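Heads up: the structure comes next, in structure tokens.
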Amino acid sequence: MGQDEARGIRDTDLEKIRARYGLLAVTGSNIAITAVAIFGVWQLNGDRAVMVGVLTSAFTAMAGLTTAYLGIKAVSNTAQSMSKEAGRQQDADRLKDSGRHDPARPALEDEAVQADGGAGAEPPKTAP
């Protein structure tokens, strides 16, 4: 296994761990907010105006926290995929500049004939 492959596996595992614990943090926070809101409503003994305020605040906190987590996660995933794509593009550009052919990409017809007699060159024509 190459160093890049091992690093890719570690990056994937790290990303899974971050996603798991981030989701756990959001879920735990939402449960804590719910518990505090239920306790607050229970202690109010039927004062409906204050109950509405407590429940509205709890819902707003939960919605804001969850939305922030999902937004940050989406931006992180997008940035990570763009970074990987940029790395692949740089690798392809380096291969192209060095004159080597990328085996993942089939040769174009123009690339099949090389003037220097290298791989893919046409055999020399014989004089009649």
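Taking first residues from the stretch 21-34 that are of a type in the set (S, T, N, Q) and partners that are in a helix (DSSP H, G or I) and open to solvent by 60 Å² or more (accessible area, probe 1.4 Å), the Cβ contacts under 9 Å between residues at least 6 apart in sequence or on separate chains come to 29/65; 30/65.
Per-residue answers, yes or no, for (1) open to solvent by 70 Å² or more (accessible area, probe 1.4 Å); (2) outside any loop (DSSP other than H, G, I, E, B); (3) of a type in the set (Asp, Glu); (4) modelled with pLDDT of 80 or more:
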residue: 45; (1), (2), (3), (4): yes, no, no, yes
residue: 66; (1), (2), (3), (4): no, yes, no, yes
residue: 74; (1), (2), (3), (4): no, yes, no, yes
residue: 103; (1), (2), (3), (4): yes, no, no, no
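What are the residue pairs meeting all of these: first residue in the stretch 74-97, first residue within 17 Å of residue 11 (Cα to Cα), second residue among the acidic types (Asp, Glu) and open to solvent by less than 60 Å² (accessible area, probe 1.4 Å), Cβ atoms under 8 Å, and 6 or more apart or on different chains? Between residues of the stretch 74-97 that are within 17 Å of residue 11 (Cα to Cα) and residues that are among the acidic types (Asp, Glu) and open to solvent by less than 60 Å² (accessible area, probe 1.4 Å), the close pairs are 80/15.
The values are calculated or read from the model by the stated rules, or taken from the named source; none is laboratory data. Because the structure is a prediction, the values reported are computed rather than measured. Don't worry about glycine lacking a Cβ; one is built from the backbone with ideal geometry, like all the others, and counts go over all protein chains shown. Accessible surface areas use protein heavy atoms only, side chains included; no ligands, DNA or RNA. Shrake-Rupley method; radii C 1.70, N 1.55, O 1.52, S 1.80 Å.
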